[in-house]
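The values are calculated or read from the model by the stated rules, or taken from the named source; none is laboratory data. Everything numeric in this text was worked out from a predicted model, so none of it was measured. Because the Cβ atoms are built from the backbone with ideal geometry, glycine has one as well, and the counts that use them run over all protein chains shown.
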Amino acid sequence: LYSELLERAVHSLKSNQQLDFDQPLMRASEIDFHVPALIPQQYIPDVHRRLIEYKRIASASSSDDIANLKMEMIDRFGLLPQPAKNLLAITELKLRAHPLGIRKLEAGPRGGRIVFGEQPKIDHMRLIQLVQSRPKDYKLDQAAGALRFNMDMAEPAKRIAQVETVVGKLAG
C-alpha cells in the first residue's frame, strides 16, 4: 500500500495533478474460486520465508515474473503443492484481468461470473459472440455488469483453467 501511495504521489507531482485521496488504492481484480490458494506451512516451514514469498508473489507484475517465481520455488523447496499452484495461477489471472477492466472473478463448482468495471477494455462484439455461440453456457447480466457462465467445474484446477479460457476469449 505504501509503495502504491508513493507511486501515485510521484505520478501526480510529475503530471502537475492533484492527488485524489478518494480513489481506491487496491487496483487488482478480486478473485474468489473457493479453492485453497496459499503456501502451506509444510512446504515452507519458516513463517518469515513464507511471508517473503507472499510479498514476492504479490509484487509480480507479469506472467514472466510468475513463471520465474514458480521455477525458483520449485528449485528451492521442491514440487509445488496444489494450494501454491492455485495461488500462482490466481495471481497470474489477476494480472490478466485487471488491464481488461475486470473488477471481480467468481467461480464455483457449477459456474461463476465475471464482473466488469465501469469502463471495461474488452471488445464488446467478442463478448456478444461468446454469448451467442453458447447461450446455454454464457449469459449477460446487464444489471450487475457481469457475464455469467454455467458449466461443470467441480475440480478446482478445472475451475481455474476454465476461467482463464473465458478471460483469454474476452482479451482476444
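Some values worked out for this structure:
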item	result
Selected residue (only one of Asp123, Asp152, Asp137 is within 16 Å of Leu170 (Cβ to Cβ), over 20 Å from the mean Cα position of the chain (by Cα) and not aromatic (Phe, Trp, Tyr))	Asp137
Residues within the range 132-160 that are outside any strand (DSSP E or B) and either in contact (Cβ under 8 Å) with a residue 24 or more places away in the chain or closer than 18 Å to Leu100 by Cα (or both), tallied	11
Any hit, the range 70-84, residues being in a loop (DSSP other than H, G, I, E, B), surrounded by 17 or more Cβ atoms within 10 Å (Cβ to Cβ) and at pLDDT below 95	no
Tally, over the range 18-57, of residues that are assigned to a loop (DSSP other than H, G, I, E, B) and at pLDDT below 90	12
